[in-house]
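Comments concern the structure below.
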Amino acid sequence: MEFMEQLKEIGELDWDWRAERLAKILLDESEDLISRSRGIVDLANWKDSRTLDALKRAAQDEELADIAGDEIGRSLGLLLDCEFAADLHIEDFSDFVRFGISQTRREATVPGQPGVC
């Protein structure tokens with residue numbers, strides 16, 4: 001079985017200490033921006049309202065959004081089809097974040113790519 005096929009079989013991740021740690025670092029303004037931005041994409045693997053909350057808060061941090069806005073957007077884009085993201089308004093985000101969301105949405109039209117919650 002190919003590696004990517006094996007990843008699909010893992011299924012949805014339950015919120016755990018790893019997700020909690022990634023969210024904590026992401027939102028900790030005392031951490032350096034590089035450390036904060038490293039976990040953005042990984043955090044999106046947890047389809048959870050707490051992920052959405054952390055990413056929305058990160059998107060409001062101007063410095064973080066300047067260096068990692070597209071990654072924040074890509075991660076938010078993975079959550080758009082989730083029930084808990086029903087009130088997410090894309091127009092509320094910066095250009096960089098919206099660009100990342102649009103990239104993820106474009107990829108979601110390709111079979112087997114992100115887009116399912």
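The values are calculated or read from the model by the stated rules, or taken from the named source; none is laboratory data. Model, not experiment: these values are computed from the prediction. Because the Cβ atoms are built from the backbone with ideal geometry, glycine has one as well, and the counts that use them run over all protein chains shown.
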Q. Which members of region 32-47 meet the condition of being of a type in the set (A, V, I, L, M) and part of a loop (DSSP other than H, G, I, E, B)?
A. Ala44
(Q) Here's a check for you: in region 14-66, which residue that is under 9 Å from the mean Cα position of the chain (by Cα) and polar (S, T, N, Q) is modelled with the lowest pLDDT? (A) Asn45
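State yes or no: is Lys8 modelled with pLDDT of 95 or more and either part of a helix (DSSP H, G or I) or closer than 18 Å to Asp70 by Cα (or both)? So that I can check it myself, show each step before the final result.
On the way: modelled with pLDDT of 95 or more: no; either part of a helix (DSSP H, G or I) or closer than 18 Å to Asp70 by Cα (or both): yes.
Taking the combined requirement at face value, the residue does not satisfy it.
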Q) Could you list, in sequence order, the residues of region 26-36 that are surrounded by fewer than 20 Cβ atoms within 10 Å (Cβ to Cβ) and over 19 Å from Phe84 (Cβ atoms)? A) Asp28, Glu29, Ser30, Glu31, Asp32, Leu33, Ile34, Ser35
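Could you say whether any residue in region 82-89 is surrounded by 22 or more Cβ atoms within 10 Å (Cβ to Cβ), over 17 Å from Lys24 (Cα atoms) and either among the hydrophobic types (A, V, I, L, M, F, W, C) or in contact with a Phe, Trp or Tyr (Cβ under 7 Å, 6 or more places away or on another chain) (or both)? Lay out the reasoning, then the answer.
At the first step, the residues of region 82-89 found to be surrounded by 22 or more Cβ atoms within 10 Å (Cβ to Cβ) are none.
Among the residues of region 82-89, not one is surrounded by 22 or more Cβ atoms within 10 Å (Cβ to Cβ), over 17 Å from Lys24 (Cα atoms) and either among the hydrophobic types (A, V, I, L, M, F, W, C) or in contact with a Phe, Trp or Tyr (Cβ under 7 Å, 6 or more places away or on another chain) (or both), which makes the answer no.
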Q: Would you point out the residue of region 74-93, among those that are over 10 Å from Arg105 (Cα atoms), of a type in the set (Gly, Ala, Ser) and not in a loop (DSSP other than H, G, I, E, B), that is farthest from the chain's Cα centre (by Cα)?
A: Ala85
Q) Restricting to region 15-28, what's the tally of residues that are more than 18 Å from Glu71 (Cβ to Cβ), among the charged types (D, E, K, R) and outside any helix (DSSP H, G or I)? A) 1
Q: Kindly indicate whether any position in region 88-98 is modelled with pLDDT of 95 or more, under 23 Å from Arg21 (Cβ atoms) and among the small types (Gly, Ala, Ser).
A: no
Q: Check off (1) farther than 23 Å from Glu107 by Cα; (2) of a type outside the set (Ser, Thr, Tyr); (3) surrounded by fewer than 22 Cβ atoms within 10 Å (Cβ to Cβ) for Ala23 and give me the number that stays unchecked.
A: (3)
